[in-house]
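The values are calculated or read from the model by the stated rules, or taken from the named source; none is laboratory data. For clarity, every value in this text was computed on a predicted model and none was experimentally measured. Every residue, glycine among them, receives a Cβ derived from its backbone with ideal geometry; neighbour counts consider all protein chains shown.
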Amino acid sequence: MLNIKDKVVLITGASSGIGEATARFLAAKGAKVVLGARRIENLQTIAAEIQAAGGVVCFTALDVTQKEQLIEFLQFAQTQFGRVDVLVNNAGLMPLSLIEDLKVEEWDKMIDVNLKGVLYGIAAALPIFQAQNSGHFVNITSIADRWIGPTATIYCATKHAVRVISEGLRQEVGSNIRVTIIAPGATESELPNTISDPEMKKAAIEQFRIDLLPAEAIAHAIAYAVEQPANVDVNEIVVRPSAQKY
């Protein structure tokens, strides 16, 4: 993975799950990782363990629903390492519910984090990528970016939107900025913890959260896209457990 070594990789939602696994894996491959999330205590622990293993890492508190914080996140990385090579837009929520339950506040949260958080990341990083004539957006969607099911309608809508935005961005930004979406199937993460209805949470776990992929599997997929030569843009990677049907 020679094209990963010394790259400056920023990761949102880095305090657990896919974000944490990606930070650890890429740091072990020689990347300089910059971690952002709301749970600063988790980031402190993860960063300390990466450093103890010989990796290069820094971290800062980040709420992706605040566009100014995304700008500051990018500036923080530039101050620490002088450049930004990859932005992994990973932060996400999945509070499943039926539309008729009218959990509008939860819809708003998903739109703010899953969709607007990605847009804010793009807005913060794109001018930097354009100025340095290189850069790579890695947007974490879900198999929900191409599938729709009851209770997941709004979640699927946010992920469909990120897929559309990513493809439009790829077409617009030219030959020197790469855009990748990674669409995980059922993967070990804390996403079910955002489901507020206990019965809905139980049903979701029993129906969808079986035969889970380890988060490291998604980290490997991200690394595959990042390590490609500069003129190779891996646009989509879908990673499912082999037992997953949908």
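Details
- For the range 164-176, taking the residues that are among the hydrophobic types (A, V, I, L, M, F, W, C) and not in a loop (DSSP other than H, G, I, E, B), the one that is farthest from Ala123 (Cα to Cα) is identified as Val164.
- Pick from the range 194-242, criterion in a loop (DSSP other than H, G, I, E, B), at pLDDT below 80 and not polar (S, T, N, Q), ranking: farthest from Gly149 (Cα to Cα): Asp211
- Restricting attention to the range 177-193, the residues that are at pLDDT below 95 and either of a type in the set (S, T, N, Q) or in a helix (DSSP H, G or I) (or both) total 5.
- Residues that are in contact with a strand residue (DSSP E or B) (Cβ under 8 Å, 6 or more places away or on another chain) and either surrounded by 19 or more Cβ atoms within 10 Å (Cβ to Cβ) or in contact (Cβ under 8 Å) with a residue 24 or more places away in the chain (or both) within the range 49-68 comprise Ile50, Gly55, Val56, Val57, Cys58, Phe59, Thr60, Ala61, Leu62, Val64, listed in sequence order.
- Candidate set from the range 104-163 (those that are of a type in the set (S, T, N, Q) and not in a helix (DSSP H, G or I)); member that is farthest from Gly174 (Cα to Cα): Thr151
- Output for the range 69-103, where each listed residue is among the small types (Gly, Ala, Ser), assigned to a loop (DSSP other than H, G, I, E, B) and surrounded by 15 or more Cβ atoms within 10 Å (Cβ to Cβ): Ala91, Gly92, Ser97
- Residue check for Val8: of a type in the set (Val, Ile, Thr) and within 17 Å of Gly135 (Cα to Cα): yes
- Cβ-Cβ under 6 Å pairs, at least 6 apart or on other chains, the range 146-160 side closer than 10 Å to Ile99 by Cβ, far side assigned to a helix (DSSP H, G or I): Thr153/Ile99; Ile154/Trp107; Ile154/Met110
- Within the range 104-116, one or more residues are crowded, with 17+ Cβ neighbours inside 10 Å, within 18 Å of Thr22 (Cβ to Cβ) and modelled with pLDDT of 95 or more.
- Residue within the range 156-166 that is surrounded by 12 or more Cβ atoms within 10 Å (Cβ to Cβ), at pLDDT 95 or above and over 17 Å from the mean Cα position of the chain (by Cα) present: no
- The residues in the range 8-48 that are assigned to a helix (DSSP H, G or I) and in contact with an Asp or Glu (Cβ under 8 Å, 6 or more places away or on another chain) can be counted, and the count is 6.
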